[in-house]
Amino acid sequence: MDHAAEAHRTDLMTITRFVLNEQSKHPEARGDFTILLSNIVLGCKFVCSAVSKAGLAKLIGLAGEINVQGEEQKKLDVLSNEVFIKALISSGRTSILVSEENEQATFVEPSKRGRYCVVFDPLDGSSNIDCGVSIGTIFGIYLRKDDSEGTLNDVLQPGKNMVAAGYCMYGSSCTLVLSTGTGVNGFTLDPSLGEFILTHPDIKVPKKGKIYSVNEGNAKNWDEPTKKYVERCKFPEDGSSPKSLRYIGSMVADVHRTLLYGGIFMYPADKKSPNGKLRTLYEVFPMSFLMEQAGGQAFTGTGRALDIVPTTIHQRSPIFLGSFEEVEEIKSLYAAHESKTL
Ligand code: AHM
Ligand code: MG
């Protein structure tokens, strides 16, 4: 059944029902994850509504600006951050929160503490808000390592230790893509019901793709393997058709397209930014987790992205992710480059 037909079914699978079904396969599950997720979903619904009203409500603007009512306006990313932090704390299921918007991690007070740690970017791509381009929330979830009150080490874990990851894209529709480690599923918000409905079950990224996605304005500073890969996209050596370039400049939208249509998304290292631009914990890890769960790969230029052991919460990492075969090609270019330079 295609996705459109799926949306017209009457046995609506809401995200809550879906997660409850999944959790019921684990007899030890205590319902904590379902409660945590429903608070993330609440945050996404709030941000979705705020983003769609942004132009009208004049929510957009510099933090600190005063609106006509004399109230201070909040930038959407500041507002989104507050909503997520409050929803996650009041879930009573989290210990440590790391947000792109906050320099320090948030340690939840003992009376509200729970077993999970959430790393997130409340509104990624927010420089695109003013022109109506799709933006999104990205999140990853860890289980606290032990029963202690929680330390920074609980979030400085490699991405492969995440128990779930996802993103919500605020675009022509509001789409939440989630993995709890058993594949990837996509849900679309039905505004009339206020519910996310399963519309994209068991997403698999095509094995090969015809699209590459990168900020080519940085090409001057790229390393040899990246230059060579992009050159091959344009002038294939095997006589095949050149790939198409698509770059929105909003990670959630670029990764969403890559997941559905195949291809490769990259934000490589370059001479000016030796670690690329994207943040390891709450951008690179969740998207790499989803891509692997959908049958693709995620590579940093030196190894598997999900193997990185972060040492600081806001560190960055280069990333190449997408269709299995595209990432395989960039991996072999790096391997060849390395053996040449040894
Ligand atoms: P942000 O977290 O400040 O919004 O920046 C992250 C965004 C990503 O969404 C996108 O992939 C990338 O930055 C675009 O960067 P560039 O403008 O350098 O191409
Ligand atoms: Mg970001």
I'm checking my understanding of the structure. Among residues of segment 97-133 that are part of a loop (DSSP other than H, G, I, E, B), away from ligand 1 (no atom under 11 Å from the Cβ) and not acidic (Asp, Glu), which one is least open to solvent (accessible area, probe 1.4 Å)? Val108
Which residue pairs have Cβ atoms under 6 Å apart, sit 6 or more places apart or on different chains, and have a first residue in segment 111-132 that is among the basic types (Lys, Arg) and a second that is within 16 Å of ligand 1 (Cβ to nearest atom)? none
Just to be sure, is Thr199 among the polar types (S, T, N, Q), more than 14 Å from the chain's Cα centre (by Cα) and in a strand (DSSP E or B)? yes
Of (1) open to solvent by 30 Å² or more (accessible area, probe 1.4 Å); (2) touching a strand residue (DSSP E or B) at 6+ places or on another chain (Cβ under 6 Å); (3) not small (Gly, Ala, Ser), Phe235 satisfies every one except (2)
When Leu176 is run through (1) in a helix (DSSP H, G or I); (2) away from ligand 1 (no atom under 13 Å from the Cβ); (3) of a type outside the set (S, T, N, Q), the failure sits at (1)
Report every pair of residues separated by at least 6 positions or lying on different chains whose Cβ atoms are under 6 Å apart, first residue within segment 147-158 and touching a residue at least 12 places away in the same chain (Cβ under 8 Å), second open to solvent by less than 70 Å² (accessible area, probe 1.4 Å) and among the aromatic types (Phe, Trp, Tyr). Gln157/Tyr142
Members of segment 233-250 that are modelled with pLDDT of 95 or more and of a type in the set (D, E, K, R): Lys234, Lys243, Arg246
When you look at Leu260, is it within 15 Å of ligand 1 (Cβ to nearest atom) and among the hydrophobic types (A, V, I, L, M, F, W, C), yes or no? no
Quick count over segment 13-65, residues being under 22 Å from Val98 (Cα atoms) and modelled with pLDDT under 85, is 1
For the condition of a type in the set (Gly, Ala, Ser), in contact (Cβ under 8 Å) with a residue 12 or more places away in the chain and not in a strand (DSSP E or B), what is the one hit in Gly209, Gly186? Gly209
Filter segment 176-232 down to the residues that are open to solvent by 60 Å² or more (accessible area, probe 1.4 Å) and over 20 Å from Tyr261 (Cα atoms) and list them by number. Thr182, Pro191, Ser192, Leu193, Glu195, Gly217, Lys220, Glu224, Lys227, Lys228, Glu231
How many of the residues making up segment 266-283 are in a loop (DSSP other than H, G, I, E, B), in contact (Cβ under 8 Å) with a residue 40 or more places away in the chain and within 16 Å of ligand 2 (Cβ to nearest atom)? 4
Could you tell me which of the residues Gly140, Gly150, Gly136, Gly194 is at pLDDT below 95 and either closer than 21 Å to Val19 by Cβ or within 16 Å of ligand 2 (Cβ to nearest atom) (or both)? Gly194
Within segment 271-281, tally of residues that are near ligand 1 (Cβ under 10 Å from one of its atoms) and over 18 Å from Tyr167 (Cβ atoms): 2
From the list Val184, Val214, exactly one residue is within 30 Å of Leu12 (Cα to Cα) and of a type in the set (A, V, I, L, M, F, W, C). Which is it? Val184
Does Gly136 count as assigned by TED's automatic domain parsing to the domain that holds Lys75 and in a strand (DSSP E or B)? yes
Residues that are within 13 Å of ligand 2 (Cβ to nearest atom) and surrounded by fewer than 22 Cβ atoms within 10 Å (Cβ to Cβ), drawn from segment 284-314: His314
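The values are calculated or read from the model by the stated rules, or taken from the named source; none is laboratory data. Model, not experiment: these values are computed from the prediction. A quick note on method: Cβ atoms are made from the backbone with ideal geometry, for glycine too, and the neighbour counts reach across all protein chains shown. What goes into the accessible areas is simple: the full protein's heavy atoms, side chains included, and nothing from ligands, DNA or RNA. Shrake-Rupley method; radii C 1.70, N 1.55, O 1.52, S 1.80 Å.
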